[in-house]
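Presented below is the structure to which this report refers.
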Amino acid sequence: MPITSQAHLRPLRDDDAAAILDAFQSDPEGMSRQGDVVDDESARRYIQRFADNAAMDAAVVADTDTGQLLGLVTVMRDETNRSGWFAYWMHPRARGRGLATRAALAMASSELTDGGLDRLELGHRANNPASGAVARGAGFILEGTQRGHFLIDGERHDVHTYGRLADDPVPSTEPLPWASGARPWHRG
């Protein structure tokens with residue numbers, strides 16, 4: 001997968017299945033926290049899960065030149081509390097270029113303004129400092145550590161939790177642009 005230096009956000013599409021499968025196969029251990037994608041069919045089900053759930057918003061980080069999926073930013077919305085659980089991942093070959101931070105910033109800002117949410121929260125394993133850097137770069141504030149919160153392969157892992165409120169300061173980082181005509185969420 002050749003990667004250019006330019007990217008934007010766009011809706012998740014059915015034809016992203018091959019790139020999703022490639023991401024999961026390129027980093028099985030790291031991507032296992034994102035779901036169970038092991039073949040073409042499970043990649044299609046992964047996409048369908050977002051399409052079928054009106055409470056879940058998703059934006060693809062896409063290479064501007066090729067349209068190829070480089071990563072995904074998602075929000076599981078809780079309309080009752082006007083909050084959302086925030087998540088992101090990048091294809092292993094697209095990591096380390098600041099795209100996750102810029103994508104997370106764009107998605108979080110959209111959800112906290114046009115999306116009508118007041119609060120976003122996320123958690124990452126304490127032994128994944130890169131994810132914490134993305135969260136902080138997207139304006140999330142560290143709120144605490146949940147000891148032994150995630151159980152992964154029989155081992156307990158501490159989780160750092162972050163929150164971002166609608167009235168928190170917005171970082172000066174340049175967010176990724178949205179593709180022309182793209183909406184930050186897939187709801188109708």
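Observations on the structure shown:
- Hits in segment 5-20 (condition: under 13 Å from PRO177 (Cα atoms) and hydrophobic (A, V, I, L, M, F, W, C)): ALA7, LEU9
- One residue stands out in segment 133-188 among those that are of a type in the set (Phe, Trp, Tyr), in a strand (DSSP E or B) and modelled with pLDDT under 95: the one that is farthest from LEU117 (Cα to Cα), namely PHE150.
- Selection of segment 146-181 for residues being in contact with a Phe, Trp or Tyr (Cβ under 8 Å, 6 or more places away or on another chain) and hydrophobic (A, V, I, L, M, F, W, C) yields only VAL159.
Table: residues versus (1) over 15 Å from ARG10 (Cα atoms); (2) part of a loop (DSSP other than H, G, I, E, B); (3) at pLDDT below 95.
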{"position": "GLY71", "(1), (2), (3)": "no, no, no"}
{"position": "GLY84", "(1), (2), (3)": "yes, no, no"}
{"position": "ARG97", "(1), (2), (3)": "yes, yes, yes"}
{"position": "THR101", "(1), (2), (3)": "yes, no, no"}
{"position": "ALA108", "(1), (2), (3)": "no, no, no"}
{"position": "ASP114", "(1), (2), (3)": "yes, yes, yes"}
{"position": "HIS124", "(1), (2), (3)": "yes, no, yes"}
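- Residues in segment 31-54 that are loosely packed, with under 15 Cβ neighbours inside 10 Å, assigned to a helix (DSSP H, G or I) and in contact with a helix residue (DSSP H, G or I) (Cβ under 7 Å, 6 or more places away or on another chain): ASP40 alone.
- Of all residues making up segment 13-30, the number that are hydrophobic (A, V, I, L, M, F, W, C), surrounded by fewer than 19 Cβ atoms within 10 Å (Cβ to Cβ) and touching a strand residue (DSSP E or B) at 6+ places or on another chain (Cβ under 8 Å): 0
- Residue satisfying all of: in segment 146-182; surrounded by 10 or more Cβ atoms within 10 Å (Cβ to Cβ) and out of contact with any strand residue (DSSP E or B) (no Cβ under 6 Å at 6 or more places or on another chain); nearest to ARG33 (Cα to Cα) among these: ILE152
- Number of positions in segment 123-164 that are over 18 Å from the mean Cα position of the chain (by Cα) and of a type in the set (Lys, Arg): 2
- In segment 1-20, of all residues being in a helix (DSSP H, G or I) and under 15 Å from ALA94 (Cα atoms), the one that is farthest from the chain's Cα centre (by Cα) corresponds to ALA19.
The values are calculated or read from the model by the stated rules, or taken from the named source; none is laboratory data. All of these numbers come straight from a predicted model, not from anything done at the bench. Cβ coordinates were reconstructed from backbone atoms using ideal geometry, including for glycine residues, and neighbour counts include every protein chain displayed.
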